[in-house]
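Here, each number is a calculation from the coordinates, and none is a lab measurement. Note that the structure is a prediction, hence the values are computed from the model and not measured. Cβ placement follows ideal geometry from the backbone for every residue including glycine, while neighbour counts extend to all protein chains displayed.
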Amino acid sequence: MSEPELSDVLAELRDLRAEVTTLRAQVAEQAPPEPVSHPLPPISNSRETLDVDGTDAVSRRHALRTAGMVAAGALAGGAALVAAAGPAAATGPTVFDADGVNPAITANGSSSRDAIHASASANGIHGVYSVASGGGYAYGVWGIADTNVFNVGVQGSAYLGSGVKGTSYSGTGVLGVSNTGKAMYASSIAGYGIEAQSTDAQAVYATSTNNTAGQFSGVVGVNAFGYNQGGLGGTGLRALGDRASIYIEPQGAARPSLSYSYNAGDLHVDSSGALWFCAASGIGASATWRQLASTTSAGSFHPVTPGRVYDSRLSTYLQHGTLGSGQNRTLSVASSFDVNGTLVNSDFVPAGATAVFANVTIVDTVGAGYLAINPGGTTTVAASTINWSASGQILANGISLTLNSTRQITVVNGSGGATQFIIDITGYWM
C-alpha cells in the first residue's frame, strides 16, 4: 500500500485540528475543583531522526506518526490530549527512549545550521540536562571528535557565564581522555578558560601516562589561589614529582634586564641554570634581583657545633708536624676529631659542601711568615690566610675556605718561616 498523498495528510490534519478544538472546549467547561496531575505523554520506543538541511520541511512518515499520536490522545480522553498537545497545560517533557540498538535521537546539522539548539533563561534551568546513572562507565554527555584535528567533541562557549560546568559529588565532573590530541582544551579572552572548585577533593585532576598532564598558556599561564577552609589555611600551588616537584625552564641572560615589568616575587632561571629572585618590582634593569643558586655559588650556609678537623701537633693524623718554608699539605675536612685526635664524626662536613667557615690557629711559630689555604690541589699563592711576625706566637683567624669536590683544602707555606697549625669548622655551605 502506498503512502497517502500530501493533500490527504493535510485533510486529515484539518479534521484532527477541529476535533482538538472541540475537546478543549469540553474540558474547559468541566472546571475540576483541584488541579489535575496529568501523566507524561506516551513514550516512543522508536528512533526519531531529525535532519536539518536549512528548510522547515517534515517527512510524510513523521507527519503521519505525529497525527497518529494526537489521534491516540484524543481517543484516550480529552484531559490527556490537552496535557500533551496544549502548551499551556503541559506538565512534563517529551521523553525518547533508545530501543537497545539505535539511539533515542540522532540529529545531523547542516553546514549552516545547528542540529539541536537548547537555551535556558532562568536560574536553575538547564538548556541540556544529562544524567548518567548506570552501574558504571555511564556518561551524561559523550562527545567524539574525529576526521580532523580541529574537530571538537564537546564545546562550551560563554560570554558571561560558564561554557561547560561539571559538578561531581563523588565521581568526575568533567572527564577528558585523549590518545594523541588534547583531552581538554580551554581558551578565554577575558575570563577563565577553566574554573574549578572543590570542597574536599581535587578541583582539577589530570593524568598523563607519557607526556604532559596539563598545559596552560597566557599572560598568566596558571593563576592558583589557596583560601582558608576549616581553619587549615590555603595552599596556592602544591606539586610532587618523582624526579622533580617543580621544573622552571632555563632561558635568557643572567639577572633579567628586558623591558618587562617585573614583580617582587618573580622567579627566573637563566640559560646557565642560575636561579634568580626578584626582591623589588621594576621595569627592566630597575628591578632588584638576587641570585639564589648557581653552579658557581656556595649554596646556603649550615652552622654546626664547632668541631676540629685537623691538628698538626698530633701524630694520630696521617700528615703531621711543623709545616716548613715552601711546603704544602692537602687535608680533608670531612671528619671531625676530639682534642686527642680520636674520630668523632666521619661525615662532619657532608658530601656536596662547597665551602666551610673555619677558625685557623697557628702555634709554635718560627721566625716570620704566613699560610695560604686554597681549595684542595691548588698550590699557588694568591693571598694569605693567616700571618705571624715572630717565633713562639699563638694567633687565630676566622675565615671562609673554598673546598674541592672531595671536601679537601691545601695549606701552603709560602714564607721563610715555619709553624704548627689547627683547623676548626663552625659551618659549611651547600
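State the extension gain, in nm to one decimal, for the chain segment bounded by N263 and N404, taking 0.36 nm per residue of separation less the distance between their alpha-carbons. Numbers along the way, then the final one.
Working: separation 141, 0.36 × 141 = 50.76 nm, distance 3.73 nm.
This chain segment gains 47.0 nm when fully extended.
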With a Förster distance of 41 angstrom and the Cβ-Cβ distance between N228 and A186, calculated FRET efficiency to the nearest 0.05 equals 0.95
Expected unfolding gain across V128-T380 under the 0.36 nm per residue rule, minus the alpha-carbon gap, is 82.6 nm
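Mind ordering 407-414, 331-338, 217-224, 346-353 by average Cβ neighbours within 10 Å, highest first?
Numbers: 407-414: 20.8, 331-338: 17.8, 217-224: 8.9, 346-353: 14.8.
The most tightly packed comes first, giving 407-414, 331-338, 346-353, 217-224.
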Per the 1/(1 + (r/R0)^6) rule, R0 = 35 Å and r from the Cβ atoms of A196 and D114, FRET efficiency to 0.05 is 0.80
So Q393 and A25, fully extended at 0.36 nm per residue minus their Cα-Cα distance, gain in nm 119.9 nm
1/(1 + (r/R0)^6) with r = Cβ-Cβ of F216 and L343, R0 = 45 Å, i.e. FRET efficiency to nearest 0.05, evaluates to 0.25
In whole angstrom, the spacing between the Cα centers of segment 308-351 and segment 235-260 equals 42
